[in-house]
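The values are calculated or read from the model by the stated rules, or taken from the named source; none is laboratory data. Please read these numbers as outputs of a predicted model, since none were measured by experiment. For neighbour counting, all protein chains shown are included, and Cβ atoms are generated from backbone atoms with ideal geometry for every residue, glycine included.
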Amino acid sequence: MTAIPRQKPVFRFAPSPNGPLHLGHALSALLNGDMAASAEGRFLLRIEDIDLTRCTPEFEAGIYADLEWLAINWEWPVRRQSEHFAEYQAALERLTDLGLAYPAFMTRGETKTRVVAAEANGTPWPRDPDGSPLYPPDDRERAEFDRQQLLASGVKHAWRLDMGKALEAVGATLSWEETGDGNRGLIAANPGAWGDVILSRSDAPSSYHLSVVLDDALQEVTHVVRGLDLFHSTSVHRLLQTLLGLPAPIYHHHRLITDEDGRKLSKSQSDTGLAELRGRGLSPADIRRLVGL
C-alpha cells in the first residue's frame with residue numbers, strides 16, 4: 001500500500017503596506033516563522049493591499065526590508081491582494097446569487113446620525129464586539145424595486161452580508177479550533193454579534209473578512225497565527241468559510257504588544273517602528289527580547 005503524503009502545515013504573515021511595521025508585527029511574523037519551522041511547515045508572506053488609497057509601494061518595500069533584517073524567510077512569489085480582485089468579486093457574486101448579500105446605500109454620516117438620534121431618545125443601539133454600532137436595517141428591508149432604481153442611478157454603495165439569512169442558510173452551530181493565548185480548544189462562533197458585515201465598498205473591491213478567508217483557502221493555509229484583536233472576527237470568517245465551502249484552518253490568536261498606556265500599538269507610533277529601532281542600533285535579537293520571544 002502506498003502511503004498518502006502528509007500535507008505540510010502552512011503558516012502565513014499578512015501585513016498591510018499602509019505604514020511601517022512595528023513591534024506588534026514583529027511578534028506575529030516571528031511567531032509564525034518559529035511555528036512553521038517547528039512544524040517543518042511552509043511560511044508564506046501575503047501583502048494585504050486592498051486599500052489602494054493608503055497602501056503604497058514604499059511601505060511594501062519596507063515590509064520586505066524589515067523581515068529580511070529579522071532573518072525571516074518566506075516563499076516566493078508573494079501573494080498581493082491587489083492582483084486578485086476578480087477572485088473576490090466572484091465570491092461576492094456567489095453570495096449575491098444566493099440572496100445573502102445586499103447593496104447598502106447609507107453613508108457613514110447617515111448611519112452615525114441614525115445611531116445618535118436613537119440613543120438620544122433612550123434607545124440603546126446594538127454594537128459589535130469592537131464597539132462599533134451595527135448597520136441600520138433600512139437597506140436590508142428596502143423594496144427590491146427601490147433597490148434596483150438606486151443601483152441603476154449609480155448611487156455609491158457597499159455590499160453587506162444579510163446576517164440573518166446567512167445564519168439561516170448555514171443552519172448549524174459554528175466553531176473553530178483555537179490554540180492561542182486566550183481560550184483554547186473548540187470555540188463557539190457567534191457571527192450574529194457583528195450584524196450585517198461589509199463584503200465590499202465603493203472604494204475597495206473586497207472587505208478584510210471576505211478577502212482573508214479566500215486568500216487563506218487559495219493558499220492552503222492550515223494555521224492562522226494572528227493577534228488577539230482579531231479573535232472575535234473569527235466568528236465571521238467561519239461563517240463565510242461555511243457559506244463558500246472553504247476549509248477551516250486552526251487558529252492561534254497571540255497576545256498583543258501594547259504601549260505604556262496599555263493600548264495596542266499603531267503604525268502611527270514611529271517610536272516602535274522596526275526601521276526606527278534598527279536605526280537606533282538594535283539587533284534582531286533585541287527585537288526578539290522586546291516582544292518576549
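Suppose we filter the range 142-167 for residues that are in a loop (DSSP other than H, G, I, E, B) and either polar (S, T, N, Q) or within 12 Å of Tyr102 (Cα to Cα) (or both); how many remain?
Looking only at that region, the number is 5.
Residue count for the range 194-230 satisfying the condition of being crowded, with 20+ Cβ neighbours inside 10 Å and charged (D, E, K, R): 4. With respect to the conditions (1) modelled with pLDDT under 95; (2) over 21 Å from Ala204 (Cα atoms), Pro129 lacks only one, and its number is (1). Listed conditions (1) out of contact with any His (no Cβ under 7 Å at 6 or more places or on another chain); (2) of a type in the set (D, E, K, R); (3) buried (at least 17 other Cβ atoms within 10 Å of the Cβ) are all met by Arg288, apart from (3).
Tell me which residues, restricted to the range 203-230, are in a helix (DSSP H, G or I) and closer than 25 Å to Arg288 by Cα.
Answer for the range 203-230, where residues must be in a helix (DSSP H, G or I) and closer than 25 Å to Arg288 by Cα: Leu228, Asp229, Leu230.
Selection of the range 136-187 for residues being within 20 Å of the chain's Cα centre (by Cα) and aromatic (Phe, Trp, Tyr) yields Trp159, Trp176. The residues of the range 43-80 that are farther than 23 Å from Leu30 by Cβ and in contact (Cβ under 8 Å) with a residue 60 or more places away in the chain, listed by number, are Ile50, Asp51, Leu52, Thr53.
Between Arg160, Arg127, which is surrounded by fewer than 16 Cβ atoms within 10 Å (Cβ to Cβ), in contact with a strand residue (DSSP E or B) (Cβ under 8 Å, 6 or more places away or on another chain), among the basic types (Lys, Arg) and within 19 Å of His209 (Cα to Cα)?
Criteria check complete, one pass: Arg127.
Of note, Thr123 satisfies the criterion of being at pLDDT below 95, over 16 Å from His232 (Cβ atoms) and hydroxyl-bearing (Ser, Thr, Tyr). Taken together, the residues in the range 81-103 that are without any contact (Cβ under 8 Å) to a residue 24 or more places away in the chain and either assigned to a strand (DSSP E or B) or of a type in the set (D, E, K, R) (or both) amount to 3. If only residues of the range 231-266 that are under 30 Å from Ala91 (Cα atoms), part of a loop (DSSP other than H, G, I, E, B) and among the small types (Gly, Ala, Ser) are counted, the one that is farthest from the chain's Cα centre (by Cα) is Gly245. Restricted to the range 1-51, and to residues there that are among the aliphatic types (A, V, I, L, M), under 30 Å from Phe85 (Cβ atoms) and in a loop (DSSP other than H, G, I, E, B), the residue that is modelled with the highest pLDDT is Ala14.
Of the residues making up the range 60-110, just one is on the phi > 0 side of the Ramachandran plot and either crowded, with 19+ Cβ neighbours inside 10 Å or not aliphatic (A, V, I, L, M) (or both), namely Gly99. Applying the set (1) over 27 Å from Ser283 (Cβ atoms); (2) part of a helix (DSSP H, G or I); (3) in contact (Cβ under 8 Å) with a residue 12 or more places away in the chain to Met106 leaves exactly one unmet item: (2).
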